[in-house]
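K.L.:
Structure provided below as structure tokens; questions to follow.
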Amino acid sequence: MTNRLLNVIFKYLIVILIGCLYFIIISLFDFAVPCIFNKITNLLCPSCGFTRMCKSLANFNLIEAYNYNKYLFINGPIIIFIILYSDIKYIVK
């Protein structure tokens, strides 16, 4: 159980660290990974909406975040719950 717990904690720390570093780079340098879908079609893709939604959530602007990516704004907490639930079952197992 301890080994599984450490594996899950390590996984979450890596994801959080990468997300924080990307957010810092976007915020400080206004540099983001270019969107190939946007470059080709000149349309905003769901991934672009996710980035803008996260930036709006960091500024506690819920209405703007909802408008950027309605699907993940509503279903994100459910997806997070499912992931956490499965990880807890894995740890306890």
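Just so it is clear, none of the values below were taken in a lab; they were calculated from the coordinates. This one's a predicted model, so the numbers in the text were calculated from it and none came from an experiment. Cβ sites come from the backbone with ideal geometry, for glycine too, and all protein chains shown count toward neighbours.
K.L.:
Which helices of the chain meet both criteria: a Cα extent of 30 Å or more along the helical axis and a mean Kyte-Doolittle score no lower than 0.5, with helices taken as whole DSSP H segments?
P.N.:
2-29, 70-92
K.L.:
Related question: Compute the relative contact order of the chain as a whole-number percentage, counting only Cα pairs closer than 8 Å that sit 6 or more residues apart in sequence.
P.N.:
Relative contact order comes out at 30 percent.
K.L.:
Quick one: if the Förster radius is 41 Å, what FRET efficiency do Cys35 and Leu6 give, using the C-beta to C-beta distance and rounding to 0.05?
P.N.:
Calculated transfer efficiency: 0.70.
K.L.:
Related question: Give me the lysines in straight-line cross-link reach of Lys93: C-alpha distance below 29 Å, same-chain residues under 8 apart excluded.
P.N.:
The qualifying lysines are Lys11.
K.L.:
Would you mind classifying the chain by shape? Square roots of the alpha carbon gyration tensor eigenvalues, ordered a ≥ b ≥ c; an a/c under 1.5 is rounded, otherwise it is prolate if a/b is larger than b/c and oblate if not.
P.N.:
It is prolate, given that a/c is not under 1.5 and a/b is the larger ratio.
K.L.:
Can you check what the net charge comes to around Ser86, using other residues whose Cβ is under 15 Å from the Cβ of Ser86 (Lys, Arg +1; Asp, Glu -1)?
P.N.:
+3
K.L.:
Mind ordering 25-36, 63-74 by average Cβ neighbours within 10 Å, highest first?
P.N.:
Highest-to-lowest ranking by the protection proxy: 63-74, 25-36.
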